[in-house]
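The values are calculated or read from the model by the stated rules, or taken from the named source; none is laboratory data. Keep in mind that what you see is a predicted model, and the values were worked out from it rather than measured. FYI the Cβ positions are ideal-geometry reconstructions off the backbone, even for glycines, and counts take in every protein chain you see.
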Amino acid sequence: MNTSYASALLGLSLLLSGCQPEPPAQSQSSTVTFHWFDYQGQDAVFAEPVAKGSYQNPVVAGFFPDPSITRRGDDYYMVASSFSYTPGLPILHSTDLVDWQLIGHALSRASQVDMSGMQVSRGIFAPTIRYHDGTFYIITTVVDKGGNFILTATDPAGPWSDPIWLPEVEGIDPDIFFDDDGKVYISHNGEAPGEALYEGHRAIWLWQYDPVKKAVLPESKQLLVNGGVDLSTKPIWIEAPHIYKHNGWYYLVCAEGGTADQHSAVVFRTRSLTEPFVPYGNNPILTQRDLPADRANPITTAGHADLVQLPDGQWWAVFLATRTYDQTFFNTGRESFLLPVSWQDEWPVILPKGQAIPYRLAAPVGLVSSTKALSQTGNFHWRDEFDSSSLKPDWNLLREFDQSWFRLDGQNLQLSAKAVGMDSFAQPAFIARRQQHTSFETSTSLIVPKGKISAGLVAFQNEQYHYYLGVTTVADQTTVFLEQAKGGKPVVIASQVLAATTEQLRLRIQGKAADISFYYAEPEGDWQQLGEVQDAKILSTQVAGGFVGTTLGVHARQEQEAAP
């Protein structure tokens, strides 16, 4: 490394190292212009065309965990967890269960929830969506900021109501069930009765809900499941309950085993909600925990299922699972998968024990095609020319609903830089979409910012694990840099001084499982790699922790004065 390069790198590190957890008041607007954003999937498991009459798993790739599904006529709607991203609770639509289009979000404004100051894996946990008598219902939890609540809408694309809060209903993963006698029930995960017998000992509870008073009946709480299928085996994290009624039986499908490689779906049933639920003798009805870890292209952590019945009587299940590399790592988060449900001795079974979840199998029959939907799986190419007046629904912000710091002018996206970095619990000037492929390429073009501003591309897992490929001007010297957060404060790990005349720059991130590489190019120039190939495992759940997947997007930041 030559002396001038080392000095520039040191100065840049000092300048960029001090993102504050709370932003100071901005003295002026500092705008950065982005021309376009491009994303392409390059996964080998998606490479071959899908045969006619078949479909591709996952049906919704990337960070769409805890899927819940409902039907209205020939239309199917699905919702997923969104944690601290806004807008929250993504709503997807399909007519064939295979091709899904993101049509909106149930949480779209600050009057609904407050997620300011939250770590990215807090916020909105597992929702349930149901359609009943002309109205859509979502019941879910905002962790740390209010607990469980219900939203309603007549159009699932929105707008959705402000929350109906349920202060008596503690815990997470609530479900709402409309019985055929007109009664309504809420079930959820909560603390076990008495003292917990072991770590992860939880229970499933039931309340009757009054839709007129919009409240649970105070004396109606009852225990449905203590611990799990067999308390003597110390089952952990019984959660994600969903109640269904079929052929005179009430069925309760839950997740058990935690969300890692021991995850599963289990089922119980009873003839009456006032009588005990009995577990299925061949539980679990879905898991991948009994398969060899070194199998090719593994799908793992399967569980958290929700069922839907088709007009002709077929049943299908959506559930979360992950596609891993190096056996246990995944950067794409927990994804939404689809499998048919078979009935055995009046018990629903999603997948027999010992069978691997297939990537491709026969599609549901007798449904209306949704092939015109924007694809959420396969090796699609997604590009935003920023030529509309509002953000596409694929884009997300962090924590807050404030959008005053960016605008679309019909040709470009303009971000007003904030004095907030990606390591902050405030809202950074960051607009991102999900990483939906293990191997991908994403790029953008921007006008090089001047003054104490940086801007560029971010691969973000959480506040302590991310990469920032940016460009800035320090002392009239334009520099492209790579910043890494690896369990702590971000540090600059590579940089390159550019020509003083550089006014526009293209930036690119290329991910290939455990490897991630960063590039830059002037408008008419070739791509140049910045630094070495980096470790993408720091963007995996196994390293970074939490419940989210990686997101990729554009960022603008005000910089502090260099240290003297």
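What to note about this one:
- Count of residues meeting criterion [on the phi < 0 side of the Ramachandran plot, more than 18 Å from the chain's Cα centre (by Cα), crowded, with 21+ Cβ neighbours inside 10 Å and part of a strand (DSSP E or B)] in region 444-472: 12
- Filter pass, Ala485 being within 30 Å of Ala47 (Cα to Cα), of a type in the set (A, V, I, L, M) and crowded, with 21+ Cβ neighbours inside 10 Å: no
- Residues of region 433-462 that are over 30 Å from Thr324 (Cα atoms) and hydroxyl-bearing (Ser, Thr, Tyr): Ser445, Ser454.
- Failed item, numbered, when Lys221 is tested on (1) charged (D, E, K, R); (2) under 31 Å from the mean Cα position of the chain (by Cα); (3) surrounded by 15 or more Cβ atoms within 10 Å (Cβ to Cβ): (2)
- For region 86-113, residues that are within 18 Å of Leu398 (Cβ to Cβ) and among the polar types (S, T, N, Q) total 3.
- In region 394-421, the residues that are free of Cβ contacts under 8 Å to residues at least 60 places away in the same chain and within 30 Å of Phe380 (Cβ to Cβ) reach residues that are small (Gly, Ala, Ser) and part of a strand (DSSP E or B) with C-beta atoms within less than 9 angstrom, at least six apart or across chains, in these pairs: Trp405/Ser416; Trp405/Ala429; Trp405/Ala556; Phe406/Ser416; Phe406/Ala429; Phe406/Ala556; Arg407/Ser416.
- Pairing residues of region 366-390 that are under 27 Å from Gly313 (Cα atoms) with residues that are acidic (Asp, Glu) and surrounded by 10 or more Cβ atoms within 10 Å (Cβ to Cβ), at Cβ distances under 6 Å and at least 6 apart in sequence or on separate chains, gives Leu367/Asp96; Val368/Asp74; Ser369/Asp96; Ser370/Asp96; Ser370/Asp99; Thr371/Asp99; Ala373/Asp99.
- Test: residue in region 104-117 that is in contact with a strand residue (DSSP E or B) (Cβ under 7 Å, 6 or more places away or on another chain) and farther than 18 Å from Ser161 by Cα: no
- When region 191-207 is filtered for residues that are free of Cβ contacts under 8 Å to residues at least 60 places away in the same chain, at negative phi and crowded, with 17+ Cβ neighbours inside 10 Å, the ones remaining, listed by number, are Ala192, His201, Arg202, Ala203, Ile204, Trp205, Trp207.
- Here is the figure for region 299-314: residues that are of a type outside the set (S, T, N, Q) and either without any contact (Cβ under 8 Å) to a residue 40 or more places away in the chain or within 12 Å of Ser264 (Cα to Cα) (or both) total 5.
- Region 512-551, subset in a helix (DSSP H, G or I) and touching a strand residue (DSSP E or B) at 6+ places or on another chain (Cβ under 6 Å), residue surrounded by the most Cβ atoms within 10 Å (Cβ to Cβ): Leu539
- Residues that are outside any strand (DSSP E or B) and over 30 Å from Gly366 (Cβ atoms), drawn from region 44-86: Ala44, Phe63, Ser81, Ser82, Ser84
- Pairs, first without any contact (Cβ under 8 Å) to a residue 40 or more places away in the chain in region 113-136, second assigned to a loop (DSSP other than H, G, I, E, B), C-beta under 8 Å, six or more apart: Asp114/Lys145; Asp114/Gly146; Arg122/Ser84; Arg122/Met115; Arg122/Asp144; Gly134/Thr154; Thr135/Thr154
- Test result for Ser161, of a type in the set (Gly, Ala, Ser) and closer than 21 Å to Phe547 by Cβ: no
- When we screen Val474, Val492 for residues that are modelled with pLDDT under 95 and either touching a helix residue (DSSP H, G or I) at 6+ places or on another chain (Cβ under 8 Å) or closer than 21 Å to Phe63 by Cα (or both), the only hit is Val474.
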